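Notes follow once the structure below has been shown.
Derivation of every value follows stated rules applied to the coordinates shown; laboratory data play no part. Quantities reported herein were computed from a predicted structural model and do not represent experimental measurements. Quick reminder, even Gly has a Cβ in these numbers, built from the backbone with ideal geometry, and neighbours come from all protein chains shown.
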Amino acid sequence: MPELVLPDSVKRQISATFAGGVEWLDNLPVLTLLCEKRWSLQLGDLFPALSYSVVMSAASADGNEVVLKLCVPNRELTTEIAALRHFAGRGCVRLIDADADLGAVLLERLHPGHMLTTESDDETATRIAAQVMLQLQQPPPAAHNFPTVADWGRGFGRLRAHFDGGTGPFPQKLVDAAELIFSELVADSAEAILLHGDLHHYNILRAKRAPWLAIDPKGVVGEPAYEVGAYLRNPLSGFFEQPDAQQQMARRVAVFAETLDLERERIIGWGFAQAVLSAWWSVEDGSTAWLGCAEILDTLRRSTT
């Protein structure tokens, strides 16, 4: 087994995000060895761009390439595993095996594995994402423990509680509007399906089994239009500073409305409300809040009302 050398930034992220993160990092070599023996793996290199988990290439006993993902055991990992099982490879990477208590997930290896960020034409990338969303769409299991979109919306309450009833560095008009729109959209939502919950450019990879497949599902139950929000607010690097970002965003919304047969206003509303909520989530995670997407979608929203 090669020696695991994690970047300091990854260690800091895991330590800051998870209770018991420091102890988990100390025990990582033992955990890795357990997985190596349990699944008869020959472990390879770490993947780049790690954040909350440790992901590495591996080969199984039969010579197939696989991926081992290790994370501090937590509810989000449990719902990810459940979502992978339910999607069963349809529009999504295949789950080979998992142990939620151990915090270990064994996945198929996608080749060539390039992220959707490698597609330079924004409209083409958006159409690809829409097709992946269509493949993923299916009802949730009859009995499940997935959170709902309404559950996620409780983040607005945490935001206000954190700032003693105010909105801190966030413009109050944006927060007020986002909270109201989120509540209204939840109240009259269409029939709920199981959503990926974090489907954007970095979580859609080029593959051989299908042209593009999703990875890292969160697993949340809500109406189809909610799924679009994560894509609209990505990629974070450079997109929202472009002089034509407003026009490109409008085109994204049009593509999703046409391909997924969704109302343009609901796409914009969910996208705007989620962008504000996501900025708060980043604060909760110890990162810097940024509202570029919310401001663009707010302009689109107001132009249609």
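See the values below:
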| item | result |
| --- | --- |
| 0 to 90° range, to nearest 10: angle between helix 122-136 axis and the chain longest Cα axis | 70 degrees |
| Net charge of Cβ neighbours under 14 Å - reference Val283; Lys, Arg +1; Asp, Glu -1 | 0 |
| Cα centre as origin, Lys/Arg/Asp/Glu Cβ charges: the chain dipole, Debye | 240 debye |
| Using alpha-carbon coordinates, inclination of helix 172-187 to the longest axis of the chain, degrees | 80 degrees |
| Packing rank of 126-138, 94-106, where each peptide gets the mean count of other beta carbons within 10 Å, highest leading | 126-138, 94-106 |
| Relative contact order (%) - the range 8-108, alpha-carbon pairs under 8 angstrom, separation at least six | 20 percent |
| Environment charge of Gly292, counting only residues whose C-beta is closer than 9 Å and scoring Lys/Arg +1, Asp/Glu -1 | -1 |
| DSSP bridge orientation in the chain - percent antiparallel, rounded to nearest 5 | 95 percent |
| Sorted by Cβ neighbour density within 10 Å, fewest at the top, the residues Lys11, Lys173 | Lys173, Lys11 |
| Calculated SAXS-style log₁₀ I(q)/I(0) at q = 0.13, 0.14, 0.18 Å⁻¹ - the range 168-305, Debye, Cα scatterers | -0.56, -0.65, -1.10 |
| Helix-only CD estimate at 222 nm, as mean residue ellipticity for the chain, using -39500 (n - 2.57) per DSSP H run (n ≥ 4) | -13500 deg cm²/dmol |
| Between helix 264-284 and the chain: long-axis angle, C-alpha atoms, 0 to 90°, nearest 10 | 60 degrees |
| Whole-number Å³ per residue for the convex hull built on Cα positions in the chain | 137 Å³ |
| For the range 26-184: relative contact order, % (alpha-carbon pairs under 8 angstrom, 6 or more apart) | 13 percent |
| Kirkwood Rh, angstrom, the range 1-155 [1 / mean 1/r, Cα pairs] | 17.3 Å |
| Pairs from Lys69/Lys218; Lys11/Lys208; Lys173/Lys218; Lys69/Lys208 whose Cα-Cα separation, in the structure shown, is over 24 Å | Lys11/Lys208; Lys173/Lys218 |
